[in-house]
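So the structure is just underneath, and the comments pick up after that.
Here, each number is a calculation from the coordinates, and none is a lab measurement. Everything numeric here is computed off the predicted structure, so don't read it as measured data. Ideal geometry is used to build each Cβ from the backbone, glycine not excepted, and the neighbour counts take in all protein chains shown.
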């Protein structure tokens with residue numbers, strides 16, 4: 001059990017590392033419009049990878065889809081479609097606020113809803129038991145750390161007002177602070193549906209196991225439904241922007257090969273984070289989605305802030321904002337330890 005728990009925590013952290021780095025290429029894709037970047041990213045992460053993993057890892061894949069509970073499949077499709085709009089808002093929000101601040105706001109809201117609701121759904125009786133208490137405490141600690149990072153981002157925004165003539169590197173059009181905050185807040189609310197859908201669709205994993213598959217393969221069936229339906233809402237919005245901005249021709253301009261490469265890398269990193277999380281959750285026990293989700297998101301936030309630092313997002317910030325960021329990251333490291341420890345109390 002200890003070995004499975006350690007494997008689950010390690011995979012959840014790996015998922016967060018990949019999730020935290022996937023937006024970094026957006027800083028170097030300014031020669032493309034946002035919809036060009038997001039289309040390539042979504043096709044790789046939400047169409048190509050889920051189909052490939054489904055066919056490669058699931059034994060009798062179409063028999064699993066046919067035998068799985070219809071209610072679970074509909075929930076996966078509906079929450080995936082809802083998450084898709086959250087992904088659009090996330091992409092627009094990160095473009096407006098940057099890697100560090102954008103990820104902070106989205107992950108703060110998504111972590112709180114995406115962790116507590118699966119616990120209430122899957123094992124509400126454990127709320128007052130040691131495992132539930134550790135989970136609640138670890139999530140509260142994570143929220144405090146995320147709040148510190150968010151405040152640091154606000155201070156950074158204030159200090160950058162005197163340098164508004166600095167050339168913009170991030171892909172997408174510049175937006176006012178309030179617009180970016182609204183986009184990221186909405187993204188966090190809708191993105192929580194991703195983990196909620198996974199929690200409600202556990203019957204699909206049970207069906208896959210009955211037909212001769214392992215839990216990881218069963219998770220990949222859920223991701224196929226969630227991600228493919230999410231691709232519909234994402235690509236639909238991109239199609240609207242292509243028509244509005246007449247930006248489809250950007251795909252065929254000279255010298256775009258590196259842009260394709262960076263956008264594909266985004267898709268591989270984010271898609272890889274989802275499948276790593278799908279492998280982590282079954283190893284964390286009955287409350288796997290409740291434990292693995294905050295660990296993955298917190299590790300992702302740590303990584304995103306580090307990437308933002310390396311990319312120079314804090315080079316114009318005052319010392320006070322950097323101190324708040326470091327304090328927040330230290331608190332988040334502690335929260336990962338608490339959330340991981342909660343898994344040993346089941």
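Brief remarks on what is shown
- Based on the reciprocal of the average 1/r between different C-alpha atoms, the Kirkwood radius for segment 1-62 equals 14.4 Å.
- Across the chain, C-alpha contacts under 8 Å between residues 6 or more apart give a mean separation that, scaled by the residue count, equals a relative contact order of 44 percent.
- Ranked list, fewest to most other Cβ atoms within 10 Å of each Cβ, for 90, 334: 334, 90
- For the peptides 245-254, 148-157, residues were scored by their other Cβ atoms within 10 Å and the scores averaged per peptide; the highest-first order is 148-157, 245-254.
- Distance between the C-alpha centres of segment 315-335 and segment 59-78: 44 Å, rounded to the whole angstrom.
- Computed over the Cα atoms of segment 170-260, pair by distinct pair, the Kirkwood hydrodynamic radius stands at 16.6 angstrom.
- Across 273, 33, 219, mean-square fluctuation computed from a Gaussian network of the chain (C-alpha pairs under 10 Å connected) peaks at 33.
- Over the chain: helical MRE at 222 nm, DSSP H runs n ≥ 4 each giving -39500 (n - 2.57), nearest 500: -26000 deg cm²/dmol
- Listed from fewest to most Cβ neighbours within 10 Å, the set 324, 38 follows the order 324, 38.
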